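Have a look at the structure below, then the notes.
The values are calculated or read from the model by the stated rules, or taken from the named source; none is laboratory data. Source: prediction; values computed, not measured. Cβ: placed from backbone, ideal geometry, glycine included. Neighbour counts: every protein chain shown.
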């Protein structure tokens, strides 16, 4: 996993990060509310909260996250904010509400 590369990609070095991750077979780890990974396939998202660690994800945040993760396979999500347990449970509940086509019911 290449979580340290997240801030570099935000600073205009996305191509370098993409090449490095490809060469070393790394997954570009980012907070998807800040930026999307420059690598394809697998994804690892660490959510730190839109305004900081005390941020509680809204239902619209979680619905957007659900749309984002569907672009990646496999996809791992780590809620790394203070209300992480509540946010993770709400996201798991939302995942359970998907219909057979992957949309929300």
Of the residues in region 2-50, how many are at positive phi and at pLDDT below 90?
1
Which residues, counting only those in region 66-89, are under 24 Å from residue 15 (Cα atoms) and part of a helix (DSSP H, G or I)?
68, 69
Please determine whether any residue of region 82-89 is surrounded by 19 or more Cβ atoms within 10 Å (Cβ to Cβ) and more than 23 Å from residue 17 (Cβ to Cβ).
yes
Complete set of residues in region 33-47 that are in a loop (DSSP other than H, G, I, E, B) and surrounded by fewer than 20 Cβ atoms within 10 Å (Cβ to Cβ)
33, 34, 35, 36, 40, 41, 42
